[in-house]
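K.L.:
Below is the structure I would like to discuss, written out as structure tokens.
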Amino acid sequence: MKKKIAIIFGVTGQDGYYLTKLLIKKNYIIHGIKRRSSSVPTKRIDKFLNQKNFHVHYGDLTDTASIHNLIKIIKPDEIYNLAAQSHVGVSFYTPLYTANVNAIGVLAILDAIRNSEKDIRFYQAGTSEMFGKTKDKLQNEKTKFNPQSPYGTAKLFAHHITQNYRDAYNIFACNGILFNHESPLRGENFVTKKIISTLTKIKYGFEKKLTLGNLYSKRDWGHAEDYVDAIHKILQQRKPDDYVIATGKQYSIKQFVNLTASSLNLKLRWIGKGLNEKALSSSKKIIIDVNKKYFRPLEVDHLKGSYSKAKKILRWKPKKNVKELIDQMIAEEKKQLNIL
């Protein structure tokens, strides 16, 4: 049987690693695309570099010519676009770059597929941030979008242009509306990683304090390894469609902190309100405080997804809960700190 060929844009990221791992098990030939950088951002995928079915190429979603050339040369069966300027807070400081990568870059891939002689299946990585400020307690595929950041707005363009090309040109193009998903490989500038890394360092004497923004922002957190399984399933269906991928459970930042502290056996006592809210250690030292600079210009109060469609059609459901996720992330942090 002929091996499937897949392109993964954003292969060096958290999801890129787990998707590569999954596709290697499924005997794909994988072409990972990464941006040229003076540093070597391949740490997550180093273990795959010597495998004969895994190849890495330079490319950039802001360079339309590189996208067209890669697709023309590789002739993939499937394309997974996981590449993005992926930090919501940063998007307020780099809105033009965020739009060029997260919106126009997706259009460039779709147009290359449209002009390809081969039938190519395309997956676009969407986000729950497209729902933004929503009144719906549970968000699904029919929930109205109302993004509150340049990141969410750019991703919404990508979502709609994927639907547009699917309908206009009969392309097998799908959106995955993925809610927050984490793992031991999560980047340093994401709040879950920041919480786990800093609290672990506080526990073992490497740091003294964790500073956060909105403690009462609520999110639906899943495990990235579970979510890439759903991503792959989306492109294996008979018809292209869009799916919410979530856990259906929600925790505030403060609850996530408390769960992490509990796993570390780190006792906290919260005092104060608003910007003056703090957590004290058992020795009455302030180890967590709040700073307004970490608040977004527009806050998204709560996000919680319904994966009922994915469960019914993809036969998918999350396997790992938030406690298992936190324990895995702590274990990785301790490994990095050489703590047995």
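The values are calculated or read from the model by the stated rules, or taken from the named source; none is laboratory data. For clarity, every value in this text was computed on a predicted model and none was experimentally measured. Cβ sites come from the backbone with ideal geometry, for glycine too, and all protein chains shown count toward neighbours.
K.L.:
Considering Lys155, Lys75, which residue is over 22 Å from Gly13 (Cα atoms) and basic (Lys, Arg)?
P.N.:
The unique qualifying residue is Lys75.
K.L.:
Separate question: Answer yes or no as to whether Ile202 is among the hydrophobic types (A, V, I, L, M, F, W, C), in contact with a strand residue (DSSP E or B) (Cβ under 6 Å, 6 or more places away or on another chain), outside the structural domain of Lys21 (by TED's automatic domain parsing) and at negative phi.
P.N.:
Spelling it out, Ile202 is indeed among the hydrophobic types (A, V, I, L, M, F, W, C), in contact with a strand residue (DSSP E or B) (Cβ under 6 Å, 6 or more places away or on another chain), outside the structural domain of Lys21 (by TED's automatic domain parsing) and at negative phi.
K.L.:
What's the total number of residues in segment 96-135 that are at pLDDT below 95 and of a type in the set (Asp, Glu)?
P.N.:
Residues that pass the stated criteria total 1.
K.L.:
Go through Arg121, Arg114 for me and flag whichever is more than 17 Å from the chain's Cα centre (by Cα) and under 21 Å from Asp60 (Cβ atoms).
P.N.:
Arg114
K.L.:
What is the residue count in segment 179-211 for residues that are part of a helix (DSSP H, G or I) and surrounded by 20 or more Cβ atoms within 10 Å (Cβ to Cβ)?
P.N.:
11
K.L.:
Consider segment 299-340. How many of its residues are among the hydrophobic types (A, V, I, L, M, F, W, C) and over 22 Å from Asn140 (Cα atoms)?
P.N.:
Residues in segment 299-340 being among the hydrophobic types (A, V, I, L, M, F, W, C) and over 22 Å from Asn140 (Cα atoms): 8 in total.
K.L.:
With respect to Asn175, determine if the residue is assigned by TED's automatic domain parsing to the domain that holds Phe92 and farther than 26 Å from Lys320 by Cα.
P.N.:
Against the criterion (assigned by TED's automatic domain parsing to the domain that holds Phe92 and farther than 26 Å from Lys320 by Cα), Asn175 does not qualify.
K.L.:
I need a count of the residues in segment 247-267 that are in a loop (DSSP other than H, G, I, E, B) and under 20 Å from Phe295 (Cβ atoms).
P.N.:
Residues meeting the conditions: 1.
K.L.:
Separate question: Just to be sure I understand the filter: pairs with C-beta atoms under 8 Å, separated by 6 or more residues or on different chains, first member in segment 297-323 and farther than 20 Å from Glu182 by Cβ and in the same structural domain as Thr127 (by TED's automatic domain parsing), second member among the hydrophobic types (A, V, I, L, M, F, W, C) and part of a helix (DSSP H, G or I). Which pairs pass?
P.N.:
Close Cβ pairs satisfying both conditions: Leu314/Ala230; Leu314/Ile234.
K.L.:
Check segment 68-77 and report whether any residue there is surrounded by fewer than 20 Cβ atoms within 10 Å (Cβ to Cβ), assigned to a loop (DSSP other than H, G, I, E, B) and aliphatic (A, V, I, L, M). Lay out the reasoning, then the answer.
P.N.:
At the first step, the residues of segment 68-77 found to be surrounded by fewer than 20 Cβ atoms within 10 Å (Cβ to Cβ) are 68-69, 72-75, 77.
Narrowing further to those that are assigned to a loop (DSSP other than H, G, I, E, B): 75, 77.
Next cut, aliphatic (A, V, I, L, M) only: none.
Within segment 68-77 (the criterion being surrounded by fewer than 20 Cβ atoms within 10 Å (Cβ to Cβ), assigned to a loop (DSSP other than H, G, I, E, B) and aliphatic (A, V, I, L, M)), the answer is no, since none of the residues qualifies.
One line per residue, one yes/no per condition, for (1) touching a Gly at 6+ places or on another chain (Cβ under 8 Å); (2) outside the structural domain of Leu19 (by TED's automatic domain parsing):
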site	(1), (2)
Glu207	no, yes
Ile231	yes, no
Gln236	no, no
Asp241	no, no
Ile245	yes, no
Thr260	no, yes
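K.L.:
Looking at Phe172, is it of a type outside the set (S, T, N, Q), touching a strand residue (DSSP E or B) at 6+ places or on another chain (Cβ under 7 Å) and crowded, with 24+ Cβ neighbours inside 10 Å? Walk me through it before giving the result.
P.N.:
Working: of a type outside the set (S, T, N, Q): yes; touching a strand residue (DSSP E or B) at 6+ places or on another chain (Cβ under 7 Å): yes; crowded, with 24+ Cβ neighbours inside 10 Å: no.
So Phe172 fails the test.
K.L.:
Let me ask another. Being of a type in the set (Ser, Thr, Tyr), over 22 Å from Gly89 (Cα atoms), surrounded by fewer than 16 Cβ atoms within 10 Å (Cβ to Cβ) and over 18 Å from the mean Cα position of the chain (by Cα) is true for just one of Ser282, Ser263. Which residue is that? Spell out how you get there, then give the answer.
P.N.:
Numbers: Ser263 fails: surrounded by fewer than 16 Cβ atoms within 10 Å (Cβ to Cβ).
The match here is Ser282.
K.L.:
Among the listed residues Asn50, Asn27, which satisfies the condition of being modelled with pLDDT of 95 or more, among the polar types (S, T, N, Q) and in a loop (DSSP other than H, G, I, E, B)? Let's see the steps before the verdict.
P.N.:
On the way: Asn50 fails: modelled with pLDDT of 95 or more.
So the residue among Asn50, Asn27 that is modelled with pLDDT of 95 or more, among the polar types (S, T, N, Q) and in a loop (DSSP other than H, G, I, E, B) is Asn27.
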